[in-house]
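The values are calculated or read from the model by the stated rules, or taken from the named source; none is laboratory data. Note that the coordinates shown come from a computational prediction; the quantities given were computed from them, not determined experimentally. Cβ placement follows ideal geometry from the backbone for every residue including glycine, while neighbour counts extend to all protein chains displayed. These accessible areas exclude ligands, DNA and RNA; they are computed on the full protein's heavy atoms, side chains included. Shrake-Rupley method; radii C 1.70, N 1.55, O 1.52, S 1.80 Å.
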Amino acid sequence: MKKNISLTSEILILIGLGIAFLLVGIFFGPRLQPVWIDEVVLAEPAANLALYDSFTSAAWYHQNAQEFHVSTSFLYTVLLALWIKVLGFSIEKVRLFNYVLMLLSITVIWLFIKNLPLIKFSWLRIILVVSCLLPTGITFIYISGRYDTSCIFLSALVLGAFLIKDAKIRWLTMTIIGFFFPLSGLSAVVFAIIFGVILLLFNFQRFFREFVALIGGFILGMLFLYALYSTNGVWDDFVGMTLGHSVANANLNRSVIDIIFSRVSKLFDQKDYLCRGCSGDMSFPPLSVLLMILIFYELLTKSFQWRSPSFFALISVITIPTTMCFLGKYPLYYSWMSMFPLIICICWSFNNILEKNTGKIQTTIITTAFLVLLLYANLLGLPSLAQITLQQWENNDYAKVQNFLDNKINQEDNIYADFQAFYALKSRAKRVYFPPYNAQMTPEDRDNLSLIVIDPRASARAPWNPGLAEIVGDSLPQWYDTGEQLDTGTYGMKLYRKR
């Protein structure tokens, strides 16, 4: 177990794993997750910017389609637009962007782990890399078009900045990285502050200046957003959207005690969306069990320390989800905030146990527990999803949607469509409205509609996702069913034209 391979061999293995990961993104990516709301509202403004030089969106509820776009992640939208500009627009190319961001993030984490060094065994570093890509919650982020990959990348860069030996250059680098956090998403700022406070509690002297530099970057980033959005007259839209995604707008006219009690009660409601980042991540329980086994082993062998990586992991997996949930929400796609510290610290703790070599039998037992539970946690993520996808391979084939809509639309069409039609429509028609924008549509917008592509089944509709009658209103008699419809098992839609 203690034999290391050469650095060259380690790098070659990691390159091979990276290529395999990208191949999964290219060939499996379009089928692992159906096209859904979060993906569309993030990719649609990026497509507008890349394809039509218009930083606007007709997929958000808080702005009209002529205003400068405000989203949860300005940075992600702009980077994705550049990606589309270079590679082109399709479901395969857009989704591949997140796989590349994840691979870059894991590369930086590997460099950090290797050069400190936290983990001295090459085979254990390889296991760590794999384990940072496969768990359930982390997998969900990069397969579903979420912007959280940009938050993960920035967080990885912060770790990488600690490798800079010159203090002044390190602090400057921290400030520059911190500048991009508010642009990437306010959730990333909140996470970085929580995680930074935990680091300060463990070693105040070591991390205080870096933390201050990072906070300085946050302030500069927020000032940039204020200048950008104020100049374009959409600062109020940003504030309204931010409050709409937090607990703040639900706290109006409520007492402080009532607010606190409500927040605390959410922490114990495992069915609540707010805290699903723990209960919904199937990889979290086995990793938590593994962490407790490592802590118990350290206590048993009298090697446990309050500043040990295992105790740091324990504090992180309790504090981060609890604080995030208390402040607003901790859904599945935020689970990376505790999963990355958990995985890194588990591997770091195991490395320390192997180095101390307390006994052959004890080492064999703890190694078996480590490998079995870590393997189980990884199998519950991407491998399990890949197996399900293979079983539904034909149902999830997005090419069927593209072929169905081919030759049925033109650049002049004004279209209202469900999210599932996004990739098939956006490159063919400039003006496409999506369900969240329905409340923003003006009478003129509705009069100009020429094509509607929606799933007519009542089970597919929701109050914010209306059917044909609610979309067109009094002009319903002017519309007719073309008789053209598609049902792949995953994607279902019907075409309606204006007479």
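Only one of the listed residues (177, 193) is open to solvent by 30 Å² or more (accessible area, probe 1.4 Å) and out of contact with any Asp or Glu (no Cβ under 9 Å at 6 or more places or on another chain). That residue is 193. Can you pull out the residues in the stretch 105-135 that are polar (S, T, N, Q), under 18 Å from residue 16 (Cβ atoms) and open to solvent by 50 Å² or more (accessible area, probe 1.4 Å)? 107, the sole residue that qualifies.
Condition check: in a helix (DSSP H, G or I), of a type outside the set (Asp, Glu) and open to solvent by 50 Å² or more (accessible area, probe 1.4 Å). Does residue 42 satisfy that? Judged against the criteria, residue 42 is not a match.
Conditions (1) in contact with a strand residue (DSSP E or B) (Cβ under 6 Å, 6 or more places away or on another chain); (2) at pLDDT below 95; (3) of a type outside the set (A, V, I, L, M, F, W, C), marked per residue:
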position: 169; (1), (2), (3): no, no, no
position: 184; (1), (2), (3): no, no, yes
position: 188; (1), (2), (3): no, no, no
position: 206; (1), (2), (3): no, yes, yes
position: 213; (1), (2), (3): no, no, no
position: 224; (1), (2), (3): no, no, no
position: 229; (1), (2), (3): no, no, yes
position: 232; (1), (2), (3): no, no, yes
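Of the residues making up the stretch 57-102, those that are farther than 28 Å from residue 28 by Cα and under 13 Å from the mean Cα position of the chain (by Cα) number 0.
Restricting the first member to the stretch 356-375 and to residues that are farther than 17 Å from residue 299 by Cβ, and the second to residues that are part of a loop (DSSP other than H, G, I, E, B) and of a type outside the set (Val, Ile, Thr), the beta-carbon pairs closer than 7 Å and six or more apart or on different chains are 367/1. Among the residues making up the stretch 57-102, those that are hydrophobic (A, V, I, L, M, F, W, C), open to solvent by 30 Å² or more (accessible area, probe 1.4 Å) and free of Cβ contacts under 8 Å to residues at least 40 places away in the same chain are 78, 82, 83, 86, 87.
Contact map, the stretch 212-239: first residue within 14 Å of residue 184 (Cα to Cα), second residue open to solvent by 30 Å² or more (accessible area, probe 1.4 Å), Cβ cut-off under 6 Å, separation 6 or more or different chains; pairs are 217/175; 217/179; 220/179; 221/179. The criterion of at least 3 residues that are open to solvent by less than 50 Å² (accessible area, probe 1.4 Å) and under 27 Å from residue 89 (Cα atoms) is met, among helices (runs of 4 or more DSSP H) falling completely within the stretch 421-490, by 422-426. Here residue 143 fits the description: touching a residue at least 60 places away in the same chain (Cβ under 8 Å), open to solvent by less than 30 Å² (accessible area, probe 1.4 Å) and of a type in the set (A, V, I, L, M, F, W, C). Only one of these conditions is not met by residue 54: (1) small (Gly, Ala, Ser); (2) open to solvent by 40 Å² or more (accessible area, probe 1.4 Å); (3) within 30 Å of residue 463 (Cβ to Cβ). Which number is it? All conditions are met except number (2).
Collect the residues in the stretch 392-417 that are closer than 17 Å to residue 497 by Cβ, outside any helix (DSSP H, G or I) and out of contact with any helix residue (DSSP H, G or I) (no Cβ under 7 Å at 6 or more places or on another chain), keeping them in residue-number order. Passing the criteria: 406, 407, 408, 410, 411, 412, 413.
Could you say whether any residue in the stretch 358-366 is surrounded by 16 or more Cβ atoms within 10 Å (Cβ to Cβ), over 27 Å from the mean Cα position of the chain (by Cα), over 26 Å from residue 53 (Cα atoms) and not aliphatic (A, V, I, L, M)? The answer is yes, given that some residue of the stretch 358-366 is surrounded by 16 or more Cβ atoms within 10 Å (Cβ to Cβ), over 27 Å from the mean Cα position of the chain (by Cα), over 26 Å from residue 53 (Cα atoms) and not aliphatic (A, V, I, L, M). Where helices (runs of 4 or more DSSP H) fall wholly inside the stretch 266-373, the ranges with 2 or more residues that are at pLDDT below 95, out of contact with any Ser or Thr (no Cβ under 8 Å at 6 or more places or on another chain) and over 20 Å from residue 126 (Cβ atoms) are 276-279, 284-300, 309-327. Each residue in the stretch 13-30 was checked for being surrounded by 12 or more Cβ atoms within 10 Å (Cβ to Cβ) and in a helix (DSSP H, G or I), and 12 of them qualify. The set of residues in the stretch 60-83 that are among the hydrophobic types (A, V, I, L, M, F, W, C), under 20 Å from residue 243 (Cβ atoms) and in a loop (DSSP other than H, G, I, E, B) comprises 60, 68, 70.
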